[in-house]
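The values are calculated or read from the model by the stated rules, or taken from the named source; none is laboratory data. From a predicted model like this one, the values you see are computed outputs, not experimental measurements. Please note: Cβ atoms are built from the backbone with ideal geometry, for glycine as well, and neighbour counts cover all protein chains shown.
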Amino acid sequence: MEKNIAVIKGDGIGPEIVNEALKVLNAISRKYNHTFHYREILMGGASIDAYGVPLTDEAIQVAQNSDAVLLGSIGGDTNTSPWYQLEPALRPEAGLLKIRKELNLFANLRPAYLYDELKGACPLKEEITEGGFDMMIMRELTGGLYFGARETKEVNGQMVAHDNLIYSENEIRRIAIRGFDIAMKRRKKVTSVDKANVLDTSRLWRKVVNEVAKDYPSVEVEHMLVDNCAMQLVKNPRQFDVILTENMFGDILSDEASMVTGSIGMLSSASLRDDKLGMYEPSHGSAPDIAGKNIANPIATILSAAMMLRYSFDMDQEAEAIERAIEKVLKDGYRTIDIMSDGQTKVSCSQMGDLIVERL
Ligand SMILES: NC(=O)C1=CN([C@@H]2O[C@H](COP(=O)(O)OP(=O)(O)OC[C@H]3O[C@@H](n4cnc5c(N)ncnc54)[C@H](O)[C@@H]3O)[C@@H](O)[C@H]2O)C=CC1
Ligand SMILES: CC(C)CC(=O)C(=O)O
Ligand SMILES: [Mg+2]
């Protein structure tokens with residue numbers, strides 16, 4: 001098969017981790033006789049430095065006309081980077097939000113899975129992690145607080161800021177349908193997470209989720225308040241199958257879930273819409289604290305590339321080959337520093353990519 005992939009390396013560790021994913025994709029293309037055409041575009045700080053804006057219309061067009069987008073991560077140190085002296089609409093994150101919105105990538109899938117081999121890297125007690133866990137966080141990605149109007153202005157001599165949180169029934173319904181569809185292929189349980197004891201958007205969310213649930217009688221549905229969910233994720237992560245939630249709650253809960261898998265460097269993601277085009281990126285950010293040192297964990301990005309093969313290209317066998325190769329590397333005891341524990345072999349970002357390629 002021949003596929004066009006828009007590649008956004010981004011900032012910080014972005015180029016390091018994407019290079020490892022490209023290594024793996026190249027090995028897959030050789031082994032399975034595919035041709036992947038990479039079209040590199042800029043986003044985030046790299047685009048600000050080159051063009052003065054975090055994402056150009058031309059870059060969006062390239063992404064729009066590709067079969068999938070592979071992204072590293074964007075952004076800098078929000079305390080020290082000069083990018084954060086710019087007005088908010090010109091900062092790196094504005095590029096990421098813009099591409100998600102322009103491509104209508106409303107469904108963000110973040111699978112959190114505890115590999116047996118990484119139980120030692122998980123900060124939870126053994127009795128909690130015994131038996132492992134495997135959950136899919138289904139995060140709404142193009143609505144809610146990150147996309148409402150916002151403003152900071154002076155009122156009565158002091159600065160006041162507001163951010164609008166808006167959800168429409170249709171936005172909730174389409175992500176809920178995706179969540180239930182995914183649950184049907186898994187353990188048939190949806191935990192819908194909201195703050196319906198306080199927020200109108202959450203009350204609407206719950207109502208629409210209950211309506212959608214009627215079409216999936218074999219799926220068990222429960223509603224959980226987000227503060228309780230944050231606690232349950234560390235108390236008993238095994239109870240979760242699909243966590244269905246809005247944009248900001250999903251952002252926060254997925255970082256928490258990632259740490260329970262051992263490291264945020266393990267958590268992949270797919271951002272999908274109604275057709276096959278999707279964007280694939282690790283759930284973490286650009287990690288400026290470790291950028292340029294060749295120590296970042298590239299596994300989340302490589303697993304995201306596997307999700308791209310599965311969801312955008314229908315290449316299930318190839319995706320599985322990558323996932324199995326990662327399992328083998330972990331079984332063989334190789335670890336980047338974030339997942340390192342006693343008795344294992346510490347490797348760099350690029351060595352981890354090579355070791356995965358060797359096992360494909
Ligand atoms: N999708 C994206 O591109 C995202 C971008 N960001 C941006 O990233 C920048 C840094 O944000 P932070 O809050 O520091 O979050 P972060 O996710 O970049 O880093 C948090 C911590 O996790 C570690 N970490 C992250 N990825 C890792 C990996 N692959 N291997 C090993 N360790 C890893 C970092 O070293 C850091 O200690 C900010 O500018 C933020 O806006 C944040 C989240 C998502
Ligand atoms: C940088 C934000 C806009 C996004 C984020 O934190 C995420 O998607 O995980
Ligand atoms: Mg995040």
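Residues checked against (1) under 20 Å from the mean Cα position of the chain (by Cα); (2) crowded, with 23+ Cβ neighbours inside 10 Å; (3) of a type in the set (S, T, N, Q):
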residue: S269; (1), (2), (3): yes, yes, yes
residue: R273; (1), (2), (3): yes, no, no
residue: Y280; (1), (2), (3): yes, yes, no
residue: I290; (1), (2), (3): yes, no, no
residue: A300; (1), (2), (3): yes, yes, no
residue: R310; (1), (2), (3): yes, no, no
residue: D316; (1), (2), (3): yes, no, no
residue: A321; (1), (2), (3): no, no, no
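For the stretch 327-351, which positions are without any contact (Cβ under 8 Å) to a residue 40 or more places away in the chain and assigned to a helix (DSSP H, G or I)?
Once the filter is applied, which keeps residues that are without any contact (Cβ under 8 Å) to a residue 40 or more places away in the chain and assigned to a helix (DSSP H, G or I), the stretch 327-351 yields K328, V329, Q351.
Yes or no: S66 hydroxyl-bearing (S, T, Y) and within 16 Å of ligand 2 (Cβ to nearest atom)?
No: the conditions fail for S66.
Can you spot a residue in the stretch 230-249 that is surrounded by fewer than 21 Cβ atoms within 10 Å (Cβ to Cβ), out of contact with any strand residue (DSSP E or B) (no Cβ under 6 Å at 6 or more places or on another chain), assigned by TED's automatic domain parsing to the domain that holds I172 and under 22 Å from G148 (Cβ atoms)?
Scanning the stretch 230-249, I find at least one residue that is surrounded by fewer than 21 Cβ atoms within 10 Å (Cβ to Cβ), out of contact with any strand residue (DSSP E or B) (no Cβ under 6 Å at 6 or more places or on another chain), assigned by TED's automatic domain parsing to the domain that holds I172 and under 22 Å from G148 (Cβ atoms), so the answer is yes.
K31 versus (1) over 19 Å from the mean Cα position of the chain (by Cα); (2) under 21 Å from I299 (Cα atoms); (3) buried (at least 16 other Cβ atoms within 10 Å of the Cβ): which is the lone unmet condition?
If we test K31 against (1) over 19 Å from the mean Cα position of the chain (by Cα); (2) under 21 Å from I299 (Cα atoms); (3) buried (at least 16 other Cβ atoms within 10 Å of the Cβ), just (3) comes out false.
Given D316, D251, D255, D227, which one is in contact with a His (Cβ under 9 Å, 6 or more places away or on another chain) and at pLDDT 95 or above?
D255
Taking the stretch 2-40, which residues are closer than 26 Å to T78 by Cα, in contact with a helix residue (DSSP H, G or I) (Cβ under 7 Å, 6 or more places away or on another chain) and among the small types (G, A, S)?
The answer is G10, and nothing else.
For a quick check of your reading: which strands (runs of 3 or more DSSP E) sit entirely within the stretch 125-199 and have at least 2 residues that are within 16 Å of F240 (Cβ to Cβ)?
Those strands (runs of 3 or more DSSP E) span 134-140, 189-194.
Do we find a residue being assigned to a strand (DSSP E or B) and either touching a residue at least 40 places away in the same chain (Cβ under 8 Å) or touching a Cys at 6+ places or on another chain (Cβ under 9 Å) (or both) anywhere in the stretch 311-321? Lay out the reasoning, then the answer.
Pass one, the stretch 311-321, residues assigned to a strand (DSSP E or B): none.
The answer is no; no qualifying residue exists.
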